[in-house]
1. Collect the residues in the stretch 462-483 that are part of a strand (DSSP E or B) and in contact with a Gly (Cβ under 7 Å, 6 or more places away or on another chain), keeping them in residue-number order.
2. Among the numbered conditions (1) touching a His at 6+ places or on another chain (Cβ under 7 Å); (2) within 26 Å of residue 49 (Cα to Cα); (3) of a type outside the set (D, E, K, R), tell me where residue 622 comes up short.
3. Considering only residues that are part of a strand (DSSP E or B) and either touching a Phe, Trp or Tyr at 6+ places or on another chain (Cβ under 9 Å) or under 27 Å from residue 404 (Cα atoms) (or both), which ones fall in the stretch 680-695?
4. Could you please find all residues in the stretch 100-111 being surrounded by fewer than 17 Cβ atoms within 10 Å (Cβ to Cβ) and either in contact with a strand residue (DSSP E or B) (Cβ under 9 Å, 6 or more places away or on another chain) or under 21 Å from residue 46 (Cα atoms) (or both)?
5. Consider residue 185 carefully, then state whether it is small (Gly, Ala, Ser), closer than 30 Å to residue 85 by Cα and crowded, with 22+ Cβ neighbours inside 10 Å.
6. Output the residues belonging to the stretch 228-258 that are more than 45 Å from the chain's Cα centre (by Cα) and closer than 20 Å to residue 276 by Cβ.
7. For the stretch 88-123: of the residues being charged (D, E, K, R) and in a loop (DSSP other than H, G, I, E, B), which is nearest to residue 569 (Cα to Cα)?
8. Restricting to the stretch 295-323, what's the tally of residues that are touching a Phe, Trp or Tyr at 6+ places or on another chain (Cβ under 8 Å), modelled with pLDDT of 90 or more and of a type outside the set (Val, Ile, Thr)?
Amino acid sequence: MDGTRCHEQLNINLNSIIKMKTIFQYSFKFILLVASMVSAYAHFGSRGPLGGSVNCMTVFDSTVYIGTVSGGVYESTNSKLVAWRARPVGLKSGKITAIVHTGKYLFAGTADSGVFRFTGFVGVDRYWEKKNSGLGSTQIIALISVDSVTLLASTVGGGLFKTVNKGESWIAVSNPTLQNFDISSMVKAGNRIVVGTQGGGIYVSDDTAKTWKNFNDNGSQNSNVALLSYNEKTDELIVTNEVGMFLVGNAGQGSTAVYTLAENGLPNGIKVISISNNQDNWYIATNMGLFTSSASALNWVSIGTVNLENLTAIVPFRTNLVLGTKDLGIYKTTLASASPTTTWTSVSTGFNNQKAYAVATSGQFIIAAATEKGVFISKDLASSYVKSNNGLEDSLNVTDLLFLGSNLYASTANAGIFFSADTGRTWNRINTGLANKNIQRLFRTNNQLVAFDNLGNVLATSTSTINWASRNSGLPIGVQPRALTFVNDTVILGTFGTGVFVNVNGLETGWSAANAGLDNLEVTSLTSFGPFVFAGTAGNGVFRAKAWRVSQDGWQATAPLGISHTNLMGLNGSHIQAMATNGGYVFASHKGGLLATSDHGNTWIAGGNQFNLPSYADIYRIDFTTNTTGRVFVTTPNNSIYSNALSELPALPTGLFNSSENNASNGIKMSPNPNSGSFCLKIEGRPEKIEIVNTLGEIVKELPSLSEQNVEMDIKGMFFIRANTKNGLQIQKLIVE
């Protein structure tokens, strides 16, 4: 296209824009309405693969609450249990051992961080508040609600504690009768508190835990109580111990206890895992299946078949019976259909607490996730996943994933490295030259694939001809490589304990240390953005340096990584776990948080609204989709993949890849923009060099140094035109749809 046609096209597009002004004005209010509706849900959220492990459940009014083995708390407020919502913010641990509603407040007990109350608010968002003052141990076994503000908490090795002010302070229940026993379970029977102990059977209190009395018969006197369930309608208690399952009558008022074996209809050798009731019927989950019995006459019958090795909890909820499992998520059936032919339906939508090891994205919609159940691929922006492990040996121990174009690479802890050319449908081993098959991380440079093994070896190969070779020349013995990035042919390596090393010839020469100004040599992560490289450390936040002058100029600390959410939740923003670059922003993660900077670390902001990112979760992987709206994806060790819309970040002006010394200008004009891959480009100021770079700062196309030209692009996404001119560096955003 000649210069005249280029000017004409710019004018035509300008006129078209003016003509559409009226349409935009009429549409503006509608767009604002839609945007406000979307923003209400534009927080971090579970993005699969779905499933996980239930540890405990409780029901209050119209809500089911679930405590998980290591993935925090979930709730469902829908009577049909069609979806679950994670409630992890504020928790210091995802290991939920007890959950109880007082009628006014929701409390959760954890295996290692004490008790939390769900009463914190930031706008419409909610979070947990730690309530441990006075607790002698933060290892919670059980919780019980006495009234709306009074609770009891049993702990490992610390005894029993009581609060009368909704957890603001706890006092030890100092009673010589109970002080020799660990309390394994508690229920409220009318006005009576019933506790099951390890080694002492059952004790009861009728004066709100002031005094206690023995509630055993001769056979249960020194038993180890496992489970308790009280039926208010019949005033009966079911107890399990090492001998079996027993029924105790007059449990809420009686002064003596008579234990009657309650296993009629059950197979021999059965082990009860969970007990509940809805006053009319009892329900138990066992190692041999699920059973129910009328409360009026105990006689157990099967209620359908499920995986017998994975049952953890069972509760009635309205017209449903809800079943929790280990690893397999949540199931339900209707109470009316409880019979040997009962069919259980999976209801795990939104219940997302698998262990996740890595995430990688490709293009606009493809997500690859490595979990405890293997590798899963989504081609619809994480709306659904397909298990993709054909040929992938050691698929349950995948340590990292990496897309190079459409090719997907996976490293494993026991079987080396694998390659898939068809997005995970089939995998092939690529271990030529690889002596150690325990590979921990995968990276790329301009022209090589790089791997770290568990022994500290840095290995590299061409992607066209696989032949792994050591690239440790110049590195100290015992080095612990953690991260790698590159700018053109300069490769930067981050290590834990020995800082940063630079290789200026694309790994063809040895490494040299480059730690001047780096106050912390425990480097956890690296990323590059324009002329800068950024290093995340374990305790001193993020440092930056000019990529081609790291050795000469050294490192400079960026601003502290602290925002209001970080401070409110008591998170440590100085311990960086992962870094990445996208769309003009540098991202840095720490436990429970993801921050971003668009000014090279001079200021940090939230990398999207931090609700509902688990506050207890480490975030070791970050990746992005390339569609124009864009999403960020992160891994959490026990809550699988979380994602958020990048639209929550402030829109950036042009001039994203320039150094801090140069300001962007508007000397670049494109028409049309966005476009479908063909556009007219005009640059002021006699361009000397013109490049098109992607959101990672990588050059995808070099253009002739012309002031006006027509450009063709065969790849879609967000890019930036970068031109060196007599007026300085010029930058402008380009969208190819």
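The values are calculated or read from the model by the stated rules, or taken from the named source; none is laboratory data. These figures come from a predicted structure and were not determined experimentally. FYI the Cβ positions are ideal-geometry reconstructions off the backbone, even for glycines, and counts take in every protein chain you see.
1. Residues of the stretch 462-483 part of a strand (DSSP E or B): 462, 469-470, 481-483.
469, 481, 482, 483 - these are the residues of the stretch 462-483 that are part of a strand (DSSP E or B) and in contact with a Gly (Cβ under 7 Å, 6 or more places away or on another chain).
2. All conditions pass for residue 622, except number (1).
3. Across the stretch 680-695, the qualifying residues are 689, 690, 691, 692, 693, 694.
4. Correct list: 103 only.
5. Yes.
6. Answer for the stretch 228-258, where residues must be more than 45 Å from the chain's Cα centre (by Cα) and closer than 20 Å to residue 276 by Cβ: just 249.
7. Step by step, filter the stretch 88-123, then rank; the result is 92.
8. Residues in the stretch 295-323 being touching a Phe, Trp or Tyr at 6+ places or on another chain (Cβ under 8 Å), modelled with pLDDT of 90 or more and of a type outside the set (Val, Ile, Thr): 7 in total.
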